Every structure is written in C-alpha cells, then in structure tokens.
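Chemist: One structure, as structure tokens, below. Some questions next.
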Amino acid sequence: MYGYQNKVLRINLTDESATVEPLRMDFAEKYVGSKGLAIRYLYEELVPGIDPLSADNKLLFTTGPLTGTPVPCSGKLSIAAKSPATGTINDCSIGGHAALKIKYAGYDMIIFEGKLQKPGYVVITDEQVEFIDGAEVWGIGSHDAETFLSDKHGREYVVLSIGPAGENLVPLSCINSDYYRQAGRGGIGAVMGSKNMKAVLIKGTGGVKVPDIVNTTNRILDILHEDTLQEDNTFVFDLGTTAFLEACNDGGILPVNNFSDTTDEEWTQYNGDVLMEYRDGKRGCGSCGLGCGNFLKINDAVCEGPEYESISVAGPNAGIRDPYHIVKFNEVCDNMGVDTISTGDTIIWAMEMTEKGIYDFGIRFGDAEKMLEYVELIARQEGIGIELSKGTKRLSEKYGGTDFAMQVKGLEYPQYEPRGSWGMSLAYAVSDRGACHMRAYAPNEEVFAASIDPYTAAGKGQMVYDLGVFNAIKFSLCICDFWGTISYEIMAEVLTLVTGRTWTEDEMPVIGERVLNIARAFNQREGFNRKDDTMPKRLAKDALKNGPAAGQKIPEEAFEDMLNQYYEVMGWDKNGMMPESLIATL
Amino acid sequence: MKRLKWGKEKCIGCQLCAQVCSAMKEGEYIPSRARLDIESYYDRGALKYEASYCILCGICAKNCPVEAITIDEYITVDDDKCIACGICAEKCPKHIIKIRDEAAKICDTCKGDPTCVKACPQNALTFA
C-alpha cells in the first residue's frame, strides 16, 4: 500500500544496535496505524506480566499512512508502552513535528527495546542511528535538554525528551517534544527513563509517496477548506481549549476543590479572554490547519496553551484563581517532565487530605507557591515528593481518602465532573488506560450538544461505545481530536486517496471497535476485568451543591447499569471479559 | 507581476505549504525538496520564524551565465541550457534555490497559480 514506508526501525538499546524490518501489513490492514497499530504490536510482542519499568517493556513511536501528507490535523504521533502507573496498555498522542520527521526518515514505527547501559540519547538521521552518552543532559529539565540538544545537533532535528521525573521513574512522568507538546499520561516518561534514554532526536529528509499525487493533493485541499476550516473547528485557533472553561462551568462539570463540588463564580478571573491577553504567538503541529497552540507569557511564566485540563487542576480544582500560577504550573510540569493532570490531581488530593485532617501533607487548597514547589519535589524525588509521586491510588491505599482519590486503575481523573455528565463516569471506567477523557468524550453529547439527558444511565452504554469507536479509528489514522467534524466518510476517502487501497465508510467503525477490543484484550491478559472498571465513591455518596448539576450524584446501581450496557454492546460478558472467539478475530 | 507574500503574524508553522509544493514539483510529499521553506520554532522561551520563498527579485536571472533563467509573469528555467553551475543558488538572497539533478530548482509560483497559497490554512501566504 502507498502511504506507508513499509519499514519498522527496531532499536536494541542494550547492545546499541538497530535493524530495519518490514511493517506487518496484516496488522496495518486491520488497525491502519498509530494507536491501533501500536497496541496490536505490543499485544504481539510484550510478555504478559512484565514489569513496565524493566528492560522487557518496549517503547513504540508509531505513525500512520496519513503522516507526512497534507491531510489536515494528521501530525500526531502515538507513543505507547505498558504503563507503570496502571499496568494497562498505554498509548499517548503527542503533537508537534515528531511524527512527520519519523515518516520522512523512512519509518512507520520505531521500537525501542532493552536498556542503555548508562544514561544516553539516540540520534536518528534518516537511515543512520547513533547512541550518544547522556552525561551532559541527564538530570536537567526537559526544556533545558531540548535547548542543549538543538544547539548541539542542529534545529533540523526534532527532540523528544524526558525531565528529571522520567529519569527518576515517577509514574506521573511524561515525554515532551517541541517544548510544549506532551505524551502526557500513564507514566510514559518513566518507561523512557527506565531505558536510560534521556532523549531521541530525529531528522528525516525523505518523502511519502501516494498514488495520483496531483489529484490527491487537490482533493485534500478541498477537504481542508470545506470541512476542517469550518467554525465548529476553528474556535481552537482563537481560544484553544480555554474555550471549554466557560462551557464546562455553565454545564456544571468544572470541578472545584478536588472534585468536592462544581461551578466557580470567579471563573472569569482566569478564563480564555484573560489568558489570551498574554498571547505572544500562534503555533500548530505539522500538517495542522487549525493552529490550537497559544504561546503565552506572563512575567517569567511561559507555556503553550494552557489547556483546559491544566487550567482546571491548577485553578479552581486547587482552590487557586491566578492566571500566572496556571501558566507557571504548566511550565514547571513541562520542564520537570510530569503530566499536569495526574500530578495536579495528586497534589489537590493531598490538599483535601490535609484539610480533612486525615493526613497532613503540608499543603492546603489555595497554596499556589507550595503547589509549584511540590511539582519539583515529585520530579526530583525529594522530601514529601517521594511519597506524592506515587499517585492517588497507591497513596490512598496507604493513607486513606480512597473515596475522593479521583482515579481509575491508577490514572487520575481529567477535569470533567461526572455527576454533571454521568456518561463520563463510564467513559473513565472503561477507558483502556484508566481515567482518560480522550477515549469517549461524553460531555460533548451530554452537556455541550445536550443530545441526551446527562443525569441518567439510560442510553449511556451505547453512547460511550459510539464515541469510543469513533475516537479509536480517528486516533488510529493519527488525526487530531480538534478536527471535530471529520466523518467516517472523510476518513475512508483520505485513507483511500493516500494508500491506493479502497477503504469504505462502513469499515471505519468496524476497525474502531477492533482497536477497542485489542486494547481490552491486552488489559484482560494482564488480569483486568470488571473489578477494575470503577468510579470513585465520592460520586455515589455526595450530591453536588452548586451549579446546574446541584443535587446530582451517581447511584452505584446506575453506574453498574451503565457498565452492563457497555459490556453488552461490546460483546463482553458480565465480568467485562471478552470471549476467546472474539480475541481470535483480533 | 504577482508575488508570494508571507506574514508571520498569521503563520502557524504547519508546513502544509512545503508539503504541497513538493507534491506538485517532485511528485511526493518531501518538504526537504520544496521550493519554499517556511517554519516556526521555539528557542529559549521565544517563538521564532524562518521563511525562505521566492520574491521574484530577478537576481538569479541577472546572474545566470547561460541565460537559462527568464522571468515573465513567473520564473522559467530552461533545463537544456542550465549547466547547474550554482551561481543562482549562491546569489539568491532568500537562499531558496537548490541545484539537483543537474538543474536549478526555482519556484515558478506554479505558473502563476501557487498551490502553497491554496494550502495555507491561515492566509499567512498570499499572492498579490
């Protein structure tokens, strides 16, 4: 098939060697690329039960057939491994230009195996692979490392790097690229750190071939202007995801004080209009079109975004209402190499623990300066940071406070309060890597579009299934979330144009469901089942007091009902297990 | 004569321009061989830009020792006359001319209908 490079670069870090092998086209036919393809490879290659931080884990950088073409919003890269935070499969999506550089270097996928004998980094220049001593960059911030490595090797290289958190195997750690883009969740940075690999640099000067390139290009440009660049999508240029703040606050799903309530009357102190006054530039990923990146500077604080999640977790959910703090929190998390969501959630859980007198972590709601200090302590494994780096699941099992440890399977909650959008509790519970908002974005239907009653279990199994299948295929095409109007029809059309194989509209959800199933099969093999598809007790016990969802809680029976519905649509049994007959089709 | 114009205030650095340029001129998506190079990048907490594209200044044509380059509404390189001496590339103030396959590769604004402009999603590139 066109579009693919038909090459996988397999890098053995233990003996510092690299080989090139053909891409498994049988997998590509069934999973297309990116997310789905990465998970299928890991299902094939990882031995069940391995320690995610051992040399047995593998780190996969996976592109798709659309990567490197002008198909809009196709610049995302999947970075996947078994997660040290959850023990599940973990595929992250990172923007910037890394995916394109890998493709232009001639590869569909890079697999990192084993472990460098001592800290180092890897430089890939088209077909050449070098292993370089990392003494100069080990221990320094992720941004600082990127600057150093860009200066040393040249700006034509894209840099993917970890901060001290990844080096120190913190399960909240992320991988950065292009400074402000992250593969954020599930401790993916710790997997890179466990391989002693501080950074990967990639330069690619080759190209991507497609059939009938003139007509393909012209049709792609028509789709860009007719579909991608319509108002339903272009709002991200003006406000980025800060636009969600108003929608979530109005809809009663903006969390306050570690999800103890929703709706903040003071939200205009730190909303998009305020933050955008500090905008110093715009930037998108490679092959973008929409340009969501808002480069902001408030005094000495610099970030791209900040995204809705970071605003919430360093804002109202921490009892803080200060734009400077939000941007500084984002910057410190990026440079230290930790995920803003999980790190923020862990600190705000500690704030509530202290407030409630259950355990004194020395930090309370509103302690902005201490919050920044704790991020560094977590990343550097110093003082209280050693404990806090464990995340809310492990911490609450030790210190109490499990009812308000907002996590599933050890991955902390993104910033959408499920009591105002019941389907979100299901989406978090059944997501393939623990609580993730990118797997099935329930508020879109329940709150923003108001297409279904948010305060009922009825219909939520089907809704989360439909949303999940859609995102699973979309992300396997490496298309960005922000092309919200893309349809199965367009997905099939661009895939057909680029690969030369005929893909049909009806085939798209079939592949999407298969991607959900292969992820579940991986987790099932690791021992996950219904007992792990959970909801924090707070959501069933305490009714919300403020905002449009005041009075709402999610009864346990309603949650169990939603789970049953979802398992039935997926063809799994009551215990959330998929039958062998289904696994055999994957 | 219409020329390419670029404004950094609108550019998001997506490089769709270079992708479609290489598609039309090289038959594949290969930005390293595009006839323009526009990008943005971060460096030490600042957003920076680099933009190389033909401004139809005519310096290449004036300096061509074999008169292989002519400019009418757009640039034409006569590959039969071109001796790939590289003087045009050397003199180009935008450093965007490349010598490859024994000929100078110069932007011809797609013969007055530039695809890069059509691809630019934020109208950072215009033709006027």
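Chemist: Residues that are outside the structural domain of A:Arg394 (by TED's automatic domain parsing), surrounded by fewer than 22 Cβ atoms within 10 Å (Cβ to Cβ) and within 30 Å of A:Tyr413 (Cβ to Cβ): does segment A:151-162 have at least one?
Modeler: Checked segment A:151-162: no residue is outside the structural domain of A:Arg394 (by TED's automatic domain parsing), surrounded by fewer than 22 Cβ atoms within 10 Å (Cβ to Cβ) and within 30 Å of A:Tyr413 (Cβ to Cβ).
Chemist: Only helices (runs of 4 or more DSSP H) wholly contained in segment A:501-586 count here; list those with 2 or more residues that are farther than 23 Å from A:Leu411 by Cβ.
Modeler: A:507-525, A:556-570, A:580-583
Chemist: Check segment B:94-113 and report whether any residue there is away from chain A (no Cβ under 14 Å), more than 27 Å from B:Leu16 (Cα to Cα) and buried (at least 16 other Cβ atoms within 10 Å of the Cβ).
Modeler: For segment B:94-113, residues away from chain A (no Cβ under 14 Å), more than 27 Å from B:Leu16 (Cα to Cα) and buried (at least 16 other Cβ atoms within 10 Å of the Cβ): absent.
Chemist: Something else about it: Specify which of the listed residues (A:Val313, A:Val375, A:Val327) is touching a strand residue (DSSP E or B) at 6+ places or on another chain (Cβ under 6 Å) and β-branched (Val, Ile, Thr).
Modeler: Exactly one residue qualifies, and that residue is A:Val327.
Chemist: Inspect segment B:115-127 for any residue being away from chain A (no Cβ under 14 Å) and either out of contact with any Pro (no Cβ under 9 Å at 6 or more places or on another chain) or at positive phi (or both) and give the result as yes or no.
Modeler: yes
Chemist: While we're here: Does segment B:90-128 hold any residues that are charged (D, E, K, R) and under 14 Å from the mean Cα position of the chain (by Cα), and which are they?
Modeler: Correct list: B:Lys94, B:Lys98, B:Lys105, B:Asp108, B:Lys111, B:Asp113.
Chemist: In the set A:Asp126, A:Asp178, which member is surrounded by fewer than 24 Cβ atoms within 10 Å (Cβ to Cβ), in contact with a Ser or Thr (Cβ under 8 Å, 6 or more places away or on another chain) and at positive phi?
Modeler: A:Asp126
Chemist: Scan B:Gly45, B:Gly7 and give me the residue that is out of contact with any Asp or Glu (no Cβ under 7 Å at 6 or more places or on another chain) and either away from chain A (no Cβ under 14 Å) or modelled with pLDDT under 95 (or both).
Modeler: Answer to the selection: B:Gly45.
Chemist: Separate question: Checking the condition crowded, with 24+ Cβ neighbours inside 10 Å and modelled with pLDDT of 95 or more, which residue from A:Ser93, A:Ser83 passes?
Modeler: None of the other options fit; the residue is A:Ser83.
Chemist: Follow-up. I'd like to know if segment A:96-113 contains one or more residues that are surrounded by fewer than 21 Cβ atoms within 10 Å (Cβ to Cβ), away from chain B (no Cβ under 14 Å) and in contact (Cβ under 8 Å) with a residue 60 or more places away in the chain.
Modeler: Scanning segment A:96-113, I find at least one residue that is surrounded by fewer than 21 Cβ atoms within 10 Å (Cβ to Cβ), away from chain B (no Cβ under 14 Å) and in contact (Cβ under 8 Å) with a residue 60 or more places away in the chain, so the answer is yes.
Chemist: Tell me the residue from A:Ile341, A:Ile348, A:Ile311 that is in a helix (DSSP H, G or I), within 25 Å of A:Asp261 (Cβ to Cβ) and touching an Asp or Glu at 6+ places or on another chain (Cβ under 8 Å), please.
Modeler: A:Ile341
Chemist: Taking A:Gly166 as the residue in question, decide whether it is at the interface with chain B (Cβ under 8 Å from one of its Cβ atoms) and touching a strand residue (DSSP E or B) at 6+ places or on another chain (Cβ under 9 Å).
Modeler: Against the criterion (at the interface with chain B (Cβ under 8 Å from one of its Cβ atoms) and touching a strand residue (DSSP E or B) at 6+ places or on another chain (Cβ under 9 Å)), A:Gly166 does not qualify.
Chemist: Let me ask you something else. Can you tell me which residues in segment B:53-92 are β-branched (Val, Ile, Thr) and free of Cβ contacts under 8 Å to residues at least 12 places away in the same chain?
Modeler: Matches in segment B:53-92: B:Thr70 only.
Chemist: Here's another thing I want to ask about it. Looking at B:Tyr49, B:Tyr29 in this structure, which one is among the hydroxyl-bearing types (Ser, Thr, Tyr) and surrounded by fewer than 20 Cβ atoms within 10 Å (Cβ to Cβ)?
Modeler: Step by step, each of B:Tyr49, B:Tyr29 is checked, and only B:Tyr49 is among the hydroxyl-bearing types (Ser, Thr, Tyr) and surrounded by fewer than 20 Cβ atoms within 10 Å (Cβ to Cβ).
Chemist: While we're here: Condition check: at pLDDT 95 or above, of a type in the set (A, V, I, L, M, F, W, C), more than 19 Å from A:Ile320 (Cα to Cα) and touching a His at 6+ places or on another chain (Cβ under 9 Å). Does A:Met438 satisfy that?
Modeler: no
Chemist: Related question: Given the criterion buried (at least 16 other Cβ atoms within 10 Å of the Cβ), of a type in the set (A, V, I, L, M, F, W, C) and in contact with an Asp or Glu (Cβ under 8 Å, 6 or more places away or on another chain), identify the matching residue among A:Leu582, A:Leu586, A:Leu544.
Modeler: Sole residue among the options that is buried (at least 16 other Cβ atoms within 10 Å of the Cβ), of a type in the set (A, V, I, L, M, F, W, C) and in contact with an Asp or Glu (Cβ under 8 Å, 6 or more places away or on another chain): A:Leu544.
Chemist: While we're here: Name every residue in segment A:212-224 that is more than 8 Å from chain B (Cβ to nearest Cβ), free of Cβ contacts under 8 Å to residues at least 60 places away in the same chain and surrounded by 15 or more Cβ atoms within 10 Å (Cβ to Cβ), in order of residue number.
Modeler: A:Asn218
Chemist: Might you let me know whether segment B:34-44 holds any residue that is farther than 24 Å from A:Leu221 by Cα and in contact with a strand residue (DSSP E or B) (Cβ under 9 Å, 6 or more places away or on another chain)?
Modeler: Yes: segment B:34-44 contains one or more residues that are farther than 24 Å from A:Leu221 by Cα and in contact with a strand residue (DSSP E or B) (Cβ under 9 Å, 6 or more places away or on another chain).
Chemist: Among (1) outside any strand (DSSP E or B); (2) touching an Asp or Glu at 6+ places or on another chain (Cβ under 8 Å); (3) in contact (Cβ under 8 Å) with a residue 24 or more places away in the chain; (4) within 30 Å of A:Gly527 (Cα to Cα), which single condition is A:Val47 missing?
Modeler: For A:Val47, the exception is condition (3).
Chemist: Which fully enclosed strands (runs of 3 or more DSSP E) of segment B:1-110 have 1 or more residues being charged (D, E, K, R)?
Modeler: B:4-6, B:37-43, B:46-52, B:98-100, B:103-105
Chemist: Further question: Out of curiosity, is A:Val20 in contact with a Ser or Thr (Cβ under 7 Å, 6 or more places away or on another chain) and more than 30 Å from B:Val117 (Cβ to Cβ)?
Modeler: no
Chemist: Still on this structure: Filter segment A:414-436 down to the residues that are in a loop (DSSP other than H, G, I, E, B) and more than 17 Å from A:Asn249 (Cα to Cα), then identify the one that is nearest to the chain's Cα centre (by Cα).
Modeler: Per the stated criteria, the residue is A:Cys436.
Chemist: Same structure, new question: Please state which of the following conditions A:Asn257 fails to meet, knowing it meets all the rest: (1) more than 14 Å from chain B (Cβ to nearest Cβ); (2) crowded, with 24+ Cβ neighbours inside 10 Å; (3) in contact (Cβ under 8 Å) with a residue 60 or more places away in the chain; (4) not charged (D, E, K, R).
Modeler: It is condition (2) that A:Asn257 fails.
The values are calculated or read from the model by the stated rules, or taken from the named source; none is laboratory data. Remember, it's a predicted structure, so these values are computed and weren't measured experimentally. Every residue, glycine as well, gets a Cβ built from its backbone with ideal geometry; the counts of neighbours run over all protein chains shown.
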